[in-house]
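Asker: To start, I am sharing the structure in question, which I have written as structure tokens.
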Amino acid sequence: MIKNIVFDMGNVLADWAPKQFVKQLGTPEVFRPVVLHELFESPEWSMFDAGRITEEGVLLRIHERMAYHVTSGFYPSLTGDEKELIASLDHWIRRMLEGWTSLMEPIEKIQFLPEALKKAGYRVYLLTNASIHFDRYKEQIPCFSWMDGIFVSGAHHLLKPEPEIYRAMLKEFGLKAEETLFIDDNPINVAGG
């Protein structure tokens, strides 16, 4: 019998929209694909979510790779002085890393669900791949206030879909796997759960 409902955050309870974030923060159009690729699609982003690298470590590693990409012509749409391009990209990547959290918004049509489930007798939880920046935006998502527990990957140095993160979350909150339903927008994470 299901007693516990565990929600993912991004694209389940809150909008995860990196393309929109890059645009909203004013990144010049020519730099947007580079910032998306070098930051949000990078191995460093996953490492940051897992708490395995610092923010400065993310920026340093991205700078090194991105500088190589710029100087080797990986981005043919970027033209001009390479040093200026690299400095501008460093600026926008740093600004994005520091500012995207202010743009997190709830998915309004689902905000009622954790409360409704609590009132129906279920315990509700959040299990999310998120960095230490989670605290910067958690208050922006109203339904988080209904959670019986929140498990953030970066605080535990784990990452979905690693089996250890599900076991650690169950253990931390004293839950039984056979009594727990996991909801995620990523089929790989669901399979891991």
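The values are calculated or read from the model by the stated rules, or taken from the named source; none is laboratory data. All values reported here derive from a predicted model rather than from experimental measurement. Note: ideal-geometry Cβ built from the backbone for every residue, glycine included; neighbour counts use all protein chains shown. Keep in mind that these areas ignore ligands, DNA and RNA; they rest on the heavy atoms of the full protein, side chains included. Shrake-Rupley method; radii C 1.70, N 1.55, O 1.52, S 1.80 Å.
Asker: Restricting to the chain, compute how many DSSP beta bridges are antiparallel as a %, nearest 5.
Answerer: Once the DSSP bridges in the chain are tallied, antiparallel ones form about 5 percent.
Asker: Using a probe of 1.4 angstrom, how much of the accessible area of the chain is carbon and sulfur, in percent?
Answerer: 55 percent
Asker: Rounded to the nearest whole Å², what accessible area per residue is found for the stretch 121-193 with the 1.4 Å probe?
Answerer: Here the residues of the stretch 121-193 average 52 Å² of exposed surface.
Asker: Under the Kirkwood approximation for Rh and a Cα-based Rg, what ratio Rg/Rh is obtained for the stretch 99-175?
Answerer: 0.98
Asker: Based on the inverse mean of 1/r over its pairs of different Cα atoms, what is the Kirkwood hydrodynamic radius of the chain, in Å?
Answerer: 18.0 Å
Asker: Express the relative contact order of the chain as a whole percentage, based on alpha carbon pairs under 8 Å and six or more residues apart in sequence. Show your work: numbers first, answer last.
Answerer: On the way: 266 pairs, mean separation 67.8, N = 193.
Taking the mean separation of contacting Cα pairs over the length of the chain, I get 35 percent.
Asker: Taking only the alpha-carbon positions of the stretch 1-64 and ignoring solvent, what does the Debye formula give for the base-10 log of I(q)/I(0) at q = 0.16, 0.26, 0.28 Å⁻¹?
Answerer: The computed values of log10 I(q)/I(0) come out as -0.66, -1.16, -1.19.
Asker: Grab the DSSP H runs of the chain that are 4 residues or longer, score each as -39,500 (n - 2.57), total them, divide by all residues and round the 222 nm result to the nearest 500 deg cm²/dmol. Write down the numbers at each step before the final one.
Answerer: Working: 10 runs with 86 residues, N = 193.
So the helix-based figure for the chain works out to -12500 deg cm²/dmol.
Asker: Name the most mobile residue of Leu39, Leu89, Leu181, meaning the one with the largest mean-square fluctuation, in a Gaussian network model of the chain with Cα contacts below 10 Å.
Answerer: Of Leu39, Leu89, Leu181, the Gaussian network model singles out Leu181 as fluctuating most.
Asker: Further, regarding this structure: Just name one of Leu117, Ala168, Trp100: the one whose Cα is farthest towards the positive end of the charge dipole of the stretch 90-179 (beta-carbon charges, Lys/Arg +1, Asp/Glu -1).
Answerer: Comparing the listed Cα positions along the dipole, Leu117 ranks first.
Asker: Give the calculated FRET efficiency between Lys171 and Arg65 to the nearest 0.05, with a Förster radius of 30 Å applied to their Cβ-Cβ distance.
Answerer: Result of the calculation: an efficiency of 0.25.
Asker: Could you check the simple spin-label distance between Arg95 and Thr79, using points 7 Å along Cα→Cβ, in nm with one decimal?
Answerer: 2.3 nm
Asker: Still on this structure, please answer the following. Hey, what's the stretch 1-103 come to in accessible area per residue, 1.4 Å probe, Å²?
Answerer: 50 Å²
Asker: If the elastic network links every pair of Cα atoms under 10 Å, which of Ser72, Ser42, Ser145 fluctuates the most in the Gaussian network model of the chain?
Answerer: Judging by the Gaussian network model, the answer is Ser72.
Asker: Okay, next question. Report the local net charge at Trp146: Lys and Arg +1, Asp and Glu -1, summed over other residues whose C-beta lies under 11 Å from its C-beta.
Answerer: So the surrounding residues net to +1.
Asker: Can you give me the Rg/Rh ratio for the stretch 68-117, using Cα atoms for both radii and the Kirkwood formula for Rh? Kindly include the intermediate steps, with their values, before the conclusion.
Answerer: Details: Rg = 19.1 Å, Rh = 14.1 Å.
With Rh from the inverse mean 1/r over Cα pairs, Rg/Rh is 1.35.
Asker: With +1 assigned to the C-beta of every Lys and Arg and -1 to the C-beta of every Asp and Glu, and no other charges, what is the dipole magnitude of the stretch 64-193 about the Cα centre in debye, to the nearest 20?
Answerer: Charge dipole, the stretch 64-193, about its Cα centre: 360 debye, nearest 20.
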